[in-house]
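What follows is calculated from the coordinates using simple rules that are stated; it is not laboratory data. Keep in mind the model is a prediction, meaning the values are calculated, not measured. Note: ideal-geometry Cβ built from the backbone for every residue, glycine included; neighbour counts use all protein chains shown.
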Amino acid sequence: MFSCEELLDHLNDYLDDRAAADVRRQLEAHLGGCPECVVVLDTTSATIKMVSGCRSFELPAQLSAKIMAKIRAQGR
Ligand SMILES: [Zn+2]
């Protein structure tokens, strides 16, 4: 199964529907057991909706760093 960091690596592809089938499966398996990442996913997809006019969306670096710091702080 993915770690939280691996999940974040693939999150953009997943939300863009570009993730490979096995990546998607592992990602969803992780989400099933990790409420933290479900929150991250919700936050990220909400952010994407806010900038939906922009075609080549990338997770803002600042947001990414914040999420990573939060996950690291919790020792996962
Ligand atoms: Zn996680």
TODO: Taking the Cβ of each residue in Val23, Val51 as the centre, tally the other Cβ atoms inside 10 Å and list the residues starting with the fewest.
DONE: Val51, Val23
Open item on the list: Let me spell out the model: positive unit charges on the Cβ of Lys and Arg, negative unit charges on the Cβ of Asp and Glu, origin at the Cα centre of segment 4-73. What dipole size does that give, in debye rounded to 20?
Closed with: 220 debye
TODO: Over the residues of segment 4-73, compute the C-alpha Rg and express it relative to 2.2 N^0.38 Å.
DONE: 1.06
